[in-house]
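Q: Sharing a structure below in structure tokens format, with a few things to ask.
Just so it is clear, none of the values below were taken in a lab; they were calculated from the coordinates. This structure is a prediction, so every number in the text was calculated from the model and none was measured. We place every Cβ from the backbone using ideal geometry, glycine too, and count neighbours over all the protein chains shown.
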Amino acid sequence: MIKNVAITGGTHGNELTGVYLVKKWQKNPKLVERSNFKTTTKLMNKRAIKEVRRYIDQDLNRSFSLDDLSNNKLDNYEAKLAKEINSLLGKKGSSSPNMDFIVDLHTTTANMGLSIVVSNESVTTWRAIAYLYMVEPNLKVYRWRGDIENAFVDSIAPHGFAIEVGAIPQGVLRADLFLKTETLIYHLLDFIEKENKNEDLNLPKEIEIYEHKSLLDYPRDESGDIVAMVHQDRQDRDYTLINTNDPLFLTLDGETIRYSGEPLYTLFVNEAAYYEKGFAMTLAKKIKVTIPNRKEE
């Protein structure tokens with residue numbers, strides 16, 4: 001039984017879709033009310049939101065590992081904020097957390113459309129995703145497996161995921177994707193209400209997802225400077241297959257660098273926020289995931 005749901009926005013202060021959806025729902029809370037659970041809405045990184053920056057000292061959405069949350073020597077702005085949020089919405093790993101389900105709202109400069117990023121393997125999480133996959137045909141699902149421990153915001157609750165929409169420039173609102181994100185949230189809340197009532201949802205038995213395989217960095221020189229950019233034939237081609245010998249990068253001098261790996265799908269292509277993290281895109285494999293029954297929880 002899901003009793004408490006949190007919708008969080010502004011984890012990255014320059015991703016405005018989540019910021020303004022949360023502000024909308026805080027002014028009109030009935031929009032996210034349902035009959036058998038409580039919905040909490042929260043603006044996460046208010047200082048970064050005010051400054052329209054991704055973060056102040058460190059990425060808040062990478063600050064929720066158990067080690068970091070228990071390390072009192074980590075005392076910069078986001079490290080302290082993560083501990084406060086964990087106490088408010090978690091605690092992570094607790095048998096009686098304050099929130100049962102967290103959905104964290106994000107945008108990307110990559111051409112990802114309407115996407116879910118999942119690293120929480122709970123039964124309820126997968127059933128929620130299957131429902132959204134069923135009602136929103138254009139939804140894509142990406143299973144992130146790039147960390148030893150999930151340190152995202154939604155990891156402090158037993159169930160949850162992040163929603164990523166794009167392409168949207170940092171610090172910009174885009175109406176079509178704002179509305180699509182809003183609709184997806186209403187579908188999610190409807191699912192939880194129905195699931196709590198044990199309604200027969202006729203969920204698909206399996207869904208197609210993109211499973212994380214690796215991170216791919218830009219070509220760099222000895223000093224670490226980027227010497228090539230994403231090739232124009234790969235730009236905006238998120239969720240499409242890249243085959244051996246396909247154009248991948250273009251050097252500043254106009255030379256094409258071709259892909260030499262196994263056929264995989266490119267995601268987060270040329271994401272602006274990932275320049276500092278040292279990768280140009282992620283590579284994923286398309287697989288099918290079996291959706292569990294309620295009794296498997």
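Q: Between N28 and V123, what is the label-point separation in nm under the 7 Å Cα-to-beta-carbon projection?
A: 3.6
Q: Straight-line reach from K73: which aspartates and glutamates fall under 16 Å, measuring Cα to Cα and dropping same-chain residues less than 8 apart?
A: D57, E84
Q: Still on this structure, please answer the following. Counting only DSSP beta bridges with both residues in the chain, what percent are antiparallel, rounded to the nearest 5?
A: Percent antiparallel among DSSP bridges in the chain is about 55.
Q: What net charge is computed for the residues neighbouring D217, neighbours being all others with C-beta under 13 Å from the C-beta of D217, Lys and Arg scored +1, Asp and Glu -1? Each step should come with its number before you reach the end.
A: On the way: positive: R220, K277; negative: D221, D225, E271, E276.
Once positives and negatives cancel, what remains is -2.
Q: Among the listed pairs K140/K295; K92/K277; K46/K285, give every one whose C-alpha distance is greater than 32 Å.
A: Too far apart for the 32 Å limit: K46/K285.
Q: Let me spell out the model: positive unit charges on the Cβ of Lys and Arg, negative unit charges on the Cβ of Asp and Glu, origin at the Cα centre of the chain. What dipole size does that give, in debye rounded to 20?
A: The dipole of the chain has a size of about 1160 debye.
Q: Next question, about the same structure. Could you give me the ³J(HN,Hα) list for the range 124-130, computed from phi with Karplus coefficients 6.51, -1.76, 1.60 and θ = phi - 60°, whole Hz, x at Gly and Pro?
A: Residue by residue, the range 124-130 yields 4, 4, 5, 5, 4, 4, 4 Hz.
Q: Another question, then. Give, as ranges by residue number, the residues of the range 115-139 whose backbone N falls under 20 Å from the point 7 Å along Cα→Cβ of D200.
A: Backbone N within reach: 127-128, 130-132, 134-135.
Q: Now for a different question. Taking K23 as the anchor, which aspartates and glutamates have their alpha carbon closer than 20 Å to its alpha carbon, excluding any fewer than eight residues away along the same chain?
A: E15, E33, E51, D104, D154, E164, D176, E182
Q: If you take the charge dipole of the range 212-283 about its Cα centre, with +1 on Lys and Arg Cβ and -1 on Asp and Glu Cβ, which of P247, G261, I226 is farthest toward its positive end?
A: G261
Q: May I pose another question? So what is the relative contact order of the range 212-283, in percent, for Cα pairs below 8 Å that sit 6 or more residues apart?
A: 36 percent.
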